[in-house]
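The block underneath contains the structure these notes are about, expressed in structure tokens.
The values are calculated or read from the model by the stated rules, or taken from the named source; none is laboratory data. Note that the structure is predicted; figures quoted are calculated from it, not measured. Quick reminder, even Gly has a Cβ in these numbers, built from the backbone with ideal geometry, and neighbours come from all protein chains shown.
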Amino acid sequence: MQEIDCPQCSQKIDINLVTCPQCHVVQGLEALSGVDPYIRIKNQKLTIWFSLLFGGLGVHKFYLGQHLKGSLYLIFSWTLVPMIVGWIDAVRTMKMSPFNFQQRYCRKVSHYYV
């Protein structure tokens, strides 16, 4: 049974409930769709385009949730080295199977961002 935290009272409730049994607050669309809100959905093709076009600025790293690496790309963008590394990242992502991409980048997060 999957559980989520109620945004109002922070009690653990079943993901399929439409209202919280304690505070009676209506839950989001996740409760109606049965989708786990803690999974980050990322698009492999969009990641490839970001790394080809904006790889020198680290946009693809920010998109994948790797903020420290994205910041390093941004800081050293004036050297043009991150642009070349971004193209290499694009080729690596192209060679990666969709299953491996999802296993690597679409994992569960420890807390839910609203």
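Overview of values
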| quantity | calculated |
| --- | --- |
| Residues of the range 5-34 satisfying the condition of being surrounded by 14 or more Cβ atoms within 10 Å (Cβ to Cβ), aliphatic (A, V, I, L, M) and at pLDDT below 75 | Ala31 |
| Residue match in the range 81-89 (condition: part of a loop (DSSP other than H, G, I, E, B), over 19 Å from the mean Cα position of the chain (by Cα) and either modelled with pLDDT of 95 or more or surrounded by 14 or more Cβ atoms within 10 Å (Cβ to Cβ) (or both)) | no |
| The range 51-75, residues that are in contact (Cβ under 8 Å) with a residue 40 or more places away in the chain and surrounded by 17 or more Cβ atoms within 10 Å (Cβ to Cβ) | Ser51, Leu64 |
| Residue under evaluation Ser97, criteria (1) in contact with a helix residue (DSSP H, G or I) (Cβ under 8 Å, 6 or more places away or on another chain); (2) exposed (fewer than 13 other Cβ atoms within 10 Å of the Cβ), criterion not met | (1) |
| Tally of residues being farther than 19 Å from Arg104 by Cα, in contact with a helix residue (DSSP H, G or I) (Cβ under 6 Å, 6 or more places away or on another chain) and hydrophobic (A, V, I, L, M, F, W, C) across the range 52-86 | 5 |
